[in-house]
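First comes the structure, then the notes that go with it.
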Amino acid sequence: MRYRAAQAGFTIIELIVVIVIAGILATMIASFIGGPIQGAVQQDARAALVDQADIAMQRMSRAIHDAVPNSARVPAGSGQRLEIIGILEGASYRVRPGSGPGASHNTPDDRLNTNTADAAFNILGRFGQSALAPGNTLTNNQRIVIYPTDPGELYQDAAANNPGQELVITPASDGTNFRISLADDTDETKVRFDTAFDFAYGSPVQRLYVTDTPRSFVCDLAAGELLMYWGYAIQTSQPDQSALDSLVSGGNAERTVLARNVTGCAFDYEPGTPERAGLVTASLTLSTSRAGVVELLQQIHVVNTP
C-alpha cells in the first residue's frame, strides 16, 4: 500500500493573519520614524527660509550703511519702499595751502571755495579705487556731493542739474552736459569741472562723497518678492515700483530679487539729528507650507553726519 507524503504550507487564514500583523508593525514603525523625518524636513525648509531672509537683510544693511548721509527716504503713508543714494567713495577736500615735505598746494585751484563758482580743487591724497585714479573721468551719472543735510534738498538739487545755482550735489557727470575729470597734482588728486560749480555749503570736516546710483528696495507682496533696483538716475520724487519697472524695461535700471515667498514687508525711517544717528527699521515675513512662517526685524543705524 502506498502513502502520499503530507505537504507543508500556509493556510489562507494564516496568511491573512501574517499580513495583518505585518501591517500593524509597519504602521507602528512609520509612526515612530515618519514623525522625526517629517520634522527634519520641516526644519531644513525653515532653516533655508531663515537664511534667505537673513541674507536679504544683510544686503540691505550694507547698502544703507554705505549710503550718502541724509539720502534715505520712504514714501509718506507707505512703508513698502525705501530709497538711498549709494557712495562710490568718500574723501577730504583741501581748503588751506599745504605744508610739510610734500607739494605746497597753495594756488587758488588747489583749494575748494564754497558759496561761489569753483572749477577745480584738490582732495587730500588719492581716491582708493582705480576707477577714480588721476586721468579718469567720472561716468555712469556719478556726482560729487558736499554737506547734504536734508533728503528733500538733496534730491531736489540733484534734479536741478544746474551748475549756476547753489546746490549740495553736482549735475551728473555724463561727459556731455557736465563733466568731472580727475588729474594728477603731485601727491594729490585734482578734481576739475568743465563748468564752474557752486556748492551751497562747506563741510565742517571738509568731507565730500562721490556718489554711486540710487538703490530702491521694494516689497512686491503680489508676487511675494523683495526687490532691489539700481543703476537709474536720481529722481526728485521717490519712484514707485511701476516707474522703476519702466526704467528696467527701458534699459535705464537693473533689478534683482533679494527674497522670495514674502508675505509681509515694511520699512520705517527716523532721520535722527546731527548728534544722533538715523534709524531704519525693516521687517520681513517669509512663509511656505512646508517651513511655516519666519519673521525678521532689523534696525539699521544710519550715520547722517555729512
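The values are calculated or read from the model by the stated rules, or taken from the named source; none is laboratory data. Only a predicted model underlies this, so the values are computations on that prediction, with no experimental measurement involved. No Cβ is skipped: glycine too gets one built from the backbone with ideal geometry, and neighbour counts run over all protein chains shown.
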For the stretch 275-306, name all the residues that are farther than 18 Å from Pro148 by Cα and part of a loop (DSSP other than H, G, I, E, B).
Ser289, Arg290, Ala291
Can you name every residue in the stretch 128-159 that is more than 13 Å from Thr211 (Cβ to Cβ) and buried (at least 18 other Cβ atoms within 10 Å of the Cβ)?
Tyr147, Pro151
Taking the criterion of being surrounded by fewer than 16 Cβ atoms within 10 Å (Cβ to Cβ), out of contact with any Ser or Thr (no Cβ under 9 Å at 6 or more places or on another chain), outside any loop (DSSP other than H, G, I, E, B) and charged (D, E, K, R), would at least one residue in the stretch 62-81 satisfy it?
yes
The residue from Thr213, Thr256, Thr186, Thr176 that alone is closer than 30 Å to Gly98 by Cα and either β-branched (Val, Ile, Thr) or in contact with a helix residue (DSSP H, G or I) (Cβ under 6 Å, 6 or more places away or on another chain) (or both) is Thr186
Scan the stretch 109-126 and report the pairs whose first residue is on the phi < 0 side of the Ramachandran plot and whose second residue is hydrophobic (A, V, I, L, M, F, W, C) and surrounded by fewer than 18 Cβ atoms within 10 Å (Cβ to Cβ), with Cβ atoms within less than 8 Å and a gap of 6+ or a chain change.
Asp109/Ala119; Arg111/Val95; Leu112/Val95; Thr114/Ala200; Ala117/Ala196; Asp118/Ala196; Ala119/Ala196; Arg126/Ala133
Of the numbered conditions (1) part of a helix (DSSP H, G or I); (2) at pLDDT below 90, Gly98 fails exactly one; give the number of that condition.
(1)
